[in-house]
Amino acid sequence: MINLSTTYLGLKLPSPVIVGSCGLTKSLKALQACEAAGAGAVVLKSIFEEQILAEAEGQVPDEEGGLFHSEAYEYLQEYGEENALAASLSLIREAKRCLKIPVIASVNCRTSNRWEEFIHRLEKAGADAIELNINLLSSDARLAGPELEARYEELLAQVRETATVPVALKLGYHFSALAAFLFRLSHSGPKGLVLFNRPFFPDFDVEKLELTTGRYLSSPTEYQMPLRWISLTSGRLGCDVCAATGIHSGETAVKLILAGAHAVQVVSVLYEHGIESIGRMNEEIRLWMQRHDCQRIEDFRGRLRQVDSPNPAAYERVQFMRHTAGIE
């Protein structure tokens, strides 16, 4: 009998298909729909550091002639932070009470000043794991690559020392020596890496001459970036790997698992084709396993990773070759 269950971050998942952090995971009703559709786990909508601090600052009135008392300022700021966190903590409690699948809290942060306290609260509310979402844009030409990487490592170390539940780090791919950086991160304490975070892309309106929002949903071809790097690094990393971005079908999920992923995250396909897409993907994975005589996910996970390939150089080819692509 075919079994779709897998293990990720030490958690037992009934399916390798995880619903990633998004607007579809911000209400109990939507979370229940995800579970009913066959999701293996859910990552709750991210708690943004900027949002918490902005809402906290919004609770504090402007000082009038410098007479506003500092203790009152601190009290109102703490009240604002508490208010901003309350909805997320409440959702975690409700989800843990009503769902059987793992509930992963997502934290989107840029500094490590206050996350020790915040993460403790998330754990106490019942989160099964923490997904630390870090996406620092290296737009400062004076900031060298090693300095940027050190900021990631600092944030991870801060959270890892604080958290008692498994921690996964979700990050992008814009690093000068990505394989070495992933290797170093994976051996510094996280239970998992989520590859990759899809960044916000701006666009221009050429008639209004304004900055606009680019396409915010992934396309079905974007899976090739995580496919390349998971297949290149699988078997060498010191933690689990979850694939993210561009996963719109069960076939693509199979590809990422063949590369070495323990699980995959989906978001865009749910917006475009509905939450029921999860069930379709599970069925496509199941049918593929049946055709290839696989009973468990572990029967084929990592089968096509570079470390076990008879032709490892093919995984590192970066230039277009006509005879390889079949295009003249």
Task: Contacts under 9 angstrom Cβ, first residue in segment 85-99 being without any contact (Cβ under 8 Å) to a residue 40 or more places away in the chain, partner loosely packed, with under 13 Cβ neighbours inside 10 Å, 6 or more apart - done: Leu89/Lys124
Task: Selection within segment 144-176 - assigned to a strand (DSSP E or B) and of a type outside the set (Val, Ile, Thr) - done: Ala168, Leu169, Lys170, Leu171
TODO: Take segment 233-274 and flag every residue that is farther than 25 Å from Phe201 by Cα, within 18 Å of the chain's Cα centre (by Cα) and part of a loop (DSSP other than H, G, I, E, B).
DONE: Ser234, Leu237, Gly238, Cys239, Gly260, Ala261, His262
Task: Among (1) more than 16 Å from Asp240 (Cβ to Cβ); (2) modelled with pLDDT of 90 or more; (3) touching a Ser or Thr at 6+ places or on another chain (Cβ under 6 Å) - the single one Leu182 does not satisfy - done: (1)
Task: Answer residue from segment 177-199, given it is farther than 18 Å from Gly145 by Cβ and outside any loop (DSSP other than H, G, I, E, B) and is farthest from the chain's Cα centre (by Cα) among those - done: Ser186
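The rows are residues; the columns are (1) surrounded by fewer than 20 Cβ atoms within 10 Å (Cβ to Cβ); (2) within 20 Å of Ser106 (Cβ to Cβ).
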residue	(1), (2)
Arg121	yes, yes
Ala125	yes, yes
Asn135	yes, yes
Ala144	yes, no
Glu149	yes, no
Glu154	yes, yes
Val159	no, yes
Ala163	no, yes
TODO: Only residues that are of a type in the set (Ser, Thr, Tyr), assigned to a loop (DSSP other than H, G, I, E, B) and surrounded by fewer than 21 Cβ atoms within 10 Å (Cβ to Cβ): list them for segment 1-43, please.
DONE: Ser5, Ser27
TODO: Working carefully through the options Pro190, Pro226, Pro220, find the one that is touching a Leu at 6+ places or on another chain (Cβ under 6 Å), farther than 15 Å from Tyr8 by Cα and touching a residue at least 24 places away in the same chain (Cβ under 8 Å).
DONE: Pro226
TODO: For segment 206-221, state whether one or more residues are over 20 Å from Lys45 (Cα atoms), modelled with pLDDT of 90 or more and surrounded by 12 or more Cβ atoms within 10 Å (Cβ to Cβ).
DONE: yes
Open item on the list: Restricting to segment 266-324, give me the number of residues that are modelled with pLDDT under 95 and among the polar types (S, T, N, Q).
Closed with: 5
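The values are calculated or read from the model by the stated rules, or taken from the named source; none is laboratory data. Keep in mind that what you see is a predicted model, and the values were worked out from it rather than measured. Reconstructed Cβ throughout: ideal geometry from the backbone, glycine too, with neighbour counts over all protein chains shown.
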